[in-house]
Amino acid sequence: MATAADIGKWALSMGATPIEEVLSVSELGTTNSLIDVTNFDSAPGRMEYIAGLSDGSEMSIECNRVDGAAGQVALVAAVRAQSTESFTLVYDSTTTYTFDAVCMSEKVNPSISEQNTLSFSVKLTGDIVET
């Protein structure tokens, strides 16, 4: 049976500004914490849990470094301002993920044998809306 996996075109924007030449984006999602509610009435030898608060993932963004690129410049400025920004990640113009994230880090990765890149780290906060 053939796979249903596909390769598509992704686009990432911060606000209305596209982030240029994105190479990769890691793990957009949330993780629910666990709360231990084991008590005297729990089954012997068994722990009990309930879901706690959701925590947004820390997402890495890697781009080809493009000197003066408006989106990259804006994301560097957001990191330096320690701001929370709205992001949109779009797949093939059919699926859109919208979320807010705290802009945490920006790093230049210089190279003499490969392209120069920029790496960013953002921490999701609040809900991820998929449309």
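The values are calculated or read from the model by the stated rules, or taken from the named source; none is laboratory data. The shown structure was predicted, so the numbers you read here are calculated from the model rather than taken from an experiment. Heads up, the Cβs are rebuilt from the backbone with ideal geometry, glycines too, and the neighbour counts pull from every protein chain shown.
For segment 48-71, a tally of residues being surrounded by 11 or more Cβ atoms within 10 Å (Cβ to Cβ) and over 30 Å from Ser113 (Cα atoms) returns 7.
Of the residues that make up segment 87-106, is at least one of a type in the set (Asp, Glu) and touching a Cys at 6+ places or on another chain (Cβ under 9 Å)? If you could, list the steps in order and put the result at the bottom.
Going residue by residue through segment 87-106, those that are of a type in the set (Asp, Glu) are 92, 100, 106.
With the extra rule that they be touching a Cys at 6+ places or on another chain (Cβ under 9 Å), the set shrinks to none.
Among the residues of segment 87-106, not one is of a type in the set (Asp, Glu) and touching a Cys at 6+ places or on another chain (Cβ under 9 Å), which makes the answer no.
Test Glu106 against the stated conditions and say whether it is among the charged types (D, E, K, R), over 18 Å from Trp10 (Cβ atoms) and modelled with pLDDT under 95.
So Glu106 does not fit the description; no.
So which residues in segment 1-26 are charged (D, E, K, R) and either at pLDDT 95 or above or surrounded by 11 or more Cβ atoms within 10 Å (Cβ to Cβ) (or both)?
Within segment 1-26, the first condition is being charged (D, E, K, R), and the residues that meet it are 6, 9, 20-21.
Hits for segment 1-26 are Glu20, Glu21.
Of the residues making up segment 87-131, those that are among the aliphatic types (A, V, I, L, M), without any contact (Cβ under 8 Å) to a residue 60 or more places away in the chain and part of a strand (DSSP E or B) are Ala101, Val102, Met104, Val108, Leu118, Val129.
Looking at the structure I just gave you, is Ala74 at pLDDT 95 or above, more than 12 Å from Leu124 (Cα to Cα), surrounded by fewer than 13 Cβ atoms within 10 Å (Cβ to Cβ) and out of contact with any helix residue (DSSP H, G or I) (no Cβ under 6 Å at 6 or more places or on another chain)?
Working: at pLDDT 95 or above: yes; more than 12 Å from Leu124 (Cα to Cα): yes; surrounded by fewer than 13 Cβ atoms within 10 Å (Cβ to Cβ): no; out of contact with any helix residue (DSSP H, G or I) (no Cβ under 6 Å at 6 or more places or on another chain): yes.
No, not satisfied.
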